[in-house]
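Quick notes on the structure that follows.
The values are calculated or read from the model by the stated rules, or taken from the named source; none is laboratory data. Please read these numbers as outputs of a predicted model, since none were measured by experiment. When we count neighbours, we look across all protein chains shown, and the Cβ atoms used for this are built from the backbone with ideal geometry, even at glycine. In case anyone asks, the SASA skips ligands and DNA or RNA and just uses the protein heavy atoms, side chains included. Shrake-Rupley method; radii C 1.70, N 1.55, O 1.52, S 1.80 Å.
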Amino acid sequence: MRALTLVADRQLVVAELPDPPPPAVGEVQIRVGAVALNHIDVWGFRGMAFVKRKLPIVVGAEAAGVIAAVGDGVSRFKVGQKVAMYGALTCGHCKPCVEGRDNFCENVGGLIGFHVDGFARELLNMPERLVIPVPDNVSVRDAACAPIAFSTVQHMLFDNAKLQPGETILVHAGGSGIGTVAIMMAKAIGCTVITTVGDDSKIEGVKALGADHVINYRNDRFEHETRKITKKKGVDVVFEHVGADTFNGSLLVMKRGGRLVTCGSTSGPTATINLMQLFQQQYRIFGSFGASIRNIEQSLEKMASGMHPVIDTEVPIEDVEVALKRMESRQVFGKIIVKL
């Protein structure tokens, strides 16, 4: 089978690997149809894995496909069924796993495609418990965006920030993969959405998704513009994933008691905050990493109801380096899909 393999930092090859064995008891075999790219793929491509890992490694952290075979004891799936896959090797036994808080697993064996072999291969075996059925009216391509892009936003906005209908939210980098999803999910419950973009070419696109106000942060300070839009009241929630460049400004644009939820630091991991501002304004800051299987199920339900991911580009497996470089350039609007 073909597999997209990282053999050295910034060096990807399409390798021929042996097919996996038949699925074991409690396992399913999946024929992968689509892999969605994320910034975690860019970090892995650059060699920013944060822990030791052995190369070569098969890449791909987010994907969907169809069941090719089932092992003994599998009852939830049948051959030909569309599925999405959870992206971490959780233990399934610790207290968080039992409670359905999969992304808090105390014995996680690594992130798939980052620390252990990933999804960018034609076939793989997985435990049944880490596989999620895809509704009939959701395509494999769209479902590939559920395990990270959609579910991360679902977890950020509703499990952590507790976004409520009618609130005002600032979504940073509205043209990004998770930014586009955040706009759609917030607008779907009647929120006022303010978003930032780095290029005027993205303005009409984010408006079409439901953004009420768009700020080009390269031309205008988003802090000033957001305060002006909200008549100095500030926003209820900030959806943050940019990092050092925007973090302190994000605190400035929140109402007293506002909530900031963050899942990323692409512009840098370190920021200095004013502690007096933090407690006087009674801000609530949530760090959010990954999502639960329940969040993926919720995301697929939203897709089935008509909330489709925004697809920037679809590329064959051989052109993935071009796609990763496009992500690095920040010219992407939505998600990039790698077709196997």
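Here are some notes:
- Taking θ as phi - 60° and the Karplus parameters 6.51, -1.76 and 1.60, the scalar couplings of region 224-240 work out to 5, 5, 5, 4, 5, 4, 8, 6, 6, 6, x, 9, 6, 9, 10, 9, 10 Hz in sequence order, x denoting glycine and proline.
- Contact order normalised by residue count of the chain, Cα under 8 Å, 6+ apart, percent: 18 percent
- Taken about its Cα centre, region 1-105 carries a charge dipole of about 160 debye when Lys and Arg each add +1 at the Cβ and Asp and Glu each add -1 at the Cβ.
- The slack in the chain from Val13 to Arg227, taken as 0.36 nm per residue of separation less the alpha-carbon distance, amounts to 72.2 nm.
- Each part reduced to its alpha carbon centroid, region 23-87 and region 161-210 end up 29 Å apart.
- Beta bridges by DSSP in the chain, antiparallel share as percent, to the nearest 5: 55 percent
- Cross-link partners of Lys54 among aspartates and glutamates, defined as those whose alpha carbon lies under 17 angstrom from its own and excluding same-chain residues fewer than eight positions apart: Asp9, Asp41, Asp117.
- Solvent-accessible area of Cys97 with every protein chain in place, 1.4 Å probe, in Å² to the nearest 10: 20 Å²
- Residue-normalised accessible area of region 161-287, expressed per residue, 1.4 Å probe, Å²: 46 Å²
- Going by accessible surface with a 1.4 Å probe and the largest first, Asp212, Asp9 read Asp9, Asp212.
- Cα centre as origin, Lys/Arg/Asp/Glu Cβ charges: the chain dipole, Debye: 960 debye
- Ranked by solvent-accessible area (1.4 Å probe, protein heavy atoms only, all chains present), the residues Tyr217, Tyr86 order from largest to smallest as Tyr217, Tyr86.
- Ordering Gly44, Val28, Ile285 by Cα displacement along the dipole of the chain toward the positive end leaves Ile285 in first place; charges were set at the Cβ atoms of Lys, Arg (+1) and Asp, Glu (-1).
- Entry for region 161-287 at q = 0.12, 0.17, 0.20 Å⁻¹: log10 I(q)/I(0) = -0.38, -0.80, -1.14, Debye formula applied to identical alpha-carbon scatterers, no solvent contribution.
- Most mobile listed residue (Ala182, Ala34, Ala161) in the chain, GNM with C-alpha springs under 10 Å: Ala161
- Lysine pair count for region 161-287 (Cα-Cα distance under 14 Å; residues 8 or more apart in sequence or on different chains): 5.
- The chain gives an Rg/Rh value of 0.97, both radii derived from C-alpha positions and Rh following Kirkwood.
- Once the C-beta distance of Ala271 and His93 is scaled by a Förster radius of 35 Å, the resulting FRET efficiency is 0.45 to the nearest 0.05.
- Accessible surface of His241 - all protein chains present, 1.4 Å probe, nearest 10 Å²: 20 Å²
- From its DSSP helices (H runs of at least four residues, each -39,500 (n - 2.57)), the chain gives a residue-normalised ellipticity at 222 nm of -6000 deg cm²/dmol.
- For Glu204, the accessible area of its heavy atoms, probed at 1.4 Å with every protein chain present, is near 130 square angstrom.
- Selected from Ala188, Ala61, Ala173 as most flexible by GNM, with the chain as the system and alpha-carbon contacts under 10 Å: Ala188
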